[in-house]
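Each remark here refers to the structure printed beneath this line.
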Amino acid sequence: QVQLVDSGGGLVQAGGSLRLSCAASGGTFSNYVMGWFRQAPGKEREFVAAISWSGANTDYLLSVKGRFTISRDNAKNTVYLQMNSLKPEDTAVYYCAATRAYSGRYRPESYDYWGQGTQVTVSS
């Protein structure tokens, strides 16, 4: 059983930056593809970014590509989401999640474990 704890959210002005962290415990972290999702009020949860087991492959939602960077440190069992040039439309609760299959990275139902979420609010 893998436990995930998200942190790093907050209130930031448009154009600012935040770094989210997700600490994993209870499993072999390097066995999992890690993803970040977000959910805004009244909207469905959407894929933001994913990173493969070793970190060699990454993938992003088109609207965040070039602004967000996903990375992982397998020695620290932690995945990060560096968010730059934030926009008000990035406001959402952000969740990290773990899955064994990179092929399923875009779909929330492919993920086995989820963090509790961290609120990101971007003011205009």
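Listed values, structure above:
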| item | result |
| --- | --- |
| Which of 73, 90 is most accessible, then next, and so on - probe 1.4 Å | 73, 90 |
| q = 0.28, 0.35 Å⁻¹: log10 I(q)/I(0) that the Debye formula gives for the range 52-91, counting C-alpha atoms only | -0.99, -1.25 |
| Diffusion coefficient, µm² s⁻¹, Stokes-Einstein with Kirkwood Rh over alpha-carbon pairs of the range 1-107 at 20 °C and 1.002 mPa s | 154 |
| Residue order for 36, 53, 114 - accessible surface, 1.4 angstrom probe, largest first | 53, 114, 36 |
| Cα-only radius of gyration and Dmax that characterise the range 1-54, units Å | 13.4, 38 |
| Backbone HN-Hα couplings from phi across the range 14-26 [Karplus 6.51/-1.76/1.60, Hz, Gly and Pro as x] | 3, x, x, 10, 9, 10, 8, 10, 9, 9, 10, 8, x |
| Given charges at beta-carbon only (K, R positive; D, E negative), |dipole| of the range 29-88 in Debye | 180 |
| Label-point separation, residue 89 to residue 75 (7 Å along Cα→Cβ), nm | 3.9 |
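The values are calculated or read from the model by the stated rules, or taken from the named source; none is laboratory data. On a predicted model such as this, the values are computed, not experimentally measured, just so you know. Note that each Cβ is placed from the backbone with ideal geometry, even for glycine, and that neighbours are counted across all protein chains shown. Ligands, DNA and RNA are excluded from the accessible area calculation, which covers all protein heavy atoms including side chains. Shrake-Rupley method; radii C 1.70, N 1.55, O 1.52, S 1.80 Å.
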